[in-house]
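Heads up: the structure comes next, in structure tokens.
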Amino acid sequence: MNVHLIWLSLVILWNYGFPNVPPYSDVIAAILFSFVSTQLEKYFRLPKKREKNKHDQYWFENIQLIIRCLIIWFIVSYGFGIILVDHLNLFRMGGYKLGFWFAQQGSIFTFVALIFYYSFKISEIDDKYEKL
């Protein structure tokens, strides 16, 4: 994953979450997010050395999968249910405002879907590294 995409996502979440802060706060937040995004990129990069043993590669892919699932869940629950709730409330789903639906049901449905996704992907990873 590109570090700039992580940084841009964090800055967008900051600007939607805190739209009325002074400009110096935006600059400080952007600088802090650049440090956070460079640290997060370490977890998304595949190991460059082929000498690593299969055990380390297995756990690297497992942690990478967990982090991806947590980021998706965070975006749905915090981003859609809290930060973007006013914009999403302009639309309706099943008679309810979409922002309200994401805050009440959407994050739960996403969590359940992520459990099945994780189960499917970890079984693929287990099959890949079956002979540890």
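Structural remarks
- When only Cα pairs below 8 angstrom with a gap of at least 6 residues are kept, region 1-45 shows a relative contact order of 65 percent.
- Within the chain, the longest segment free of exposed loop sites, counting GluC sites (Glu not before Pro) that fall outside DSSP classes H, G, I, E and B and have at most 13 other Cβ atoms within 10 Å, spans 52-129.
- Cut-off 14 Å between beta-carbons: net charge of the residues surrounding Tyr117, Lys and Arg +1, Asp and Glu -1: +1
- Our analysis of region 1-45 gives Rg over Rh at 1.02, with the two radii drawn from alpha carbon positions and Rh computed by the Kirkwood formula.
- Relative contact order (%) - region 49-132, alpha-carbon pairs under 8 angstrom, separation at least six: 35 percent
- Packing-based ranking of 75-84, 26-35 yields 75-84, 26-35, ordered from highest to lowest mean Cβ neighbour count within 10 Å.
- Rounded, prolate or oblate (a/c below 1.5 giving rounded, otherwise prolate when a/b exceeds b/c) for the chain by Cα gyration tensor: oblate
- Kyte-Doolittle mean at least 1.0, axial Cα span of 18 Å or more - DSSP H helices of the chain: 3-17
- Of the residues Ile31, Tyr58, Phe111, the one whose Cα sits farthest towards the positive end of the charge dipole of the chain is Tyr58 (charges of +1 on Lys and Arg Cβ, -1 on Asp and Glu Cβ, taken about the Cα centre).
Read-outs: derived from the displayed coordinates by stated rules, not from any lab. Everything quoted here is computed from the prediction, not taken from an experiment. Backbone-built Cβ (ideal geometry, glycine too); neighbour counts: all protein chains shown.
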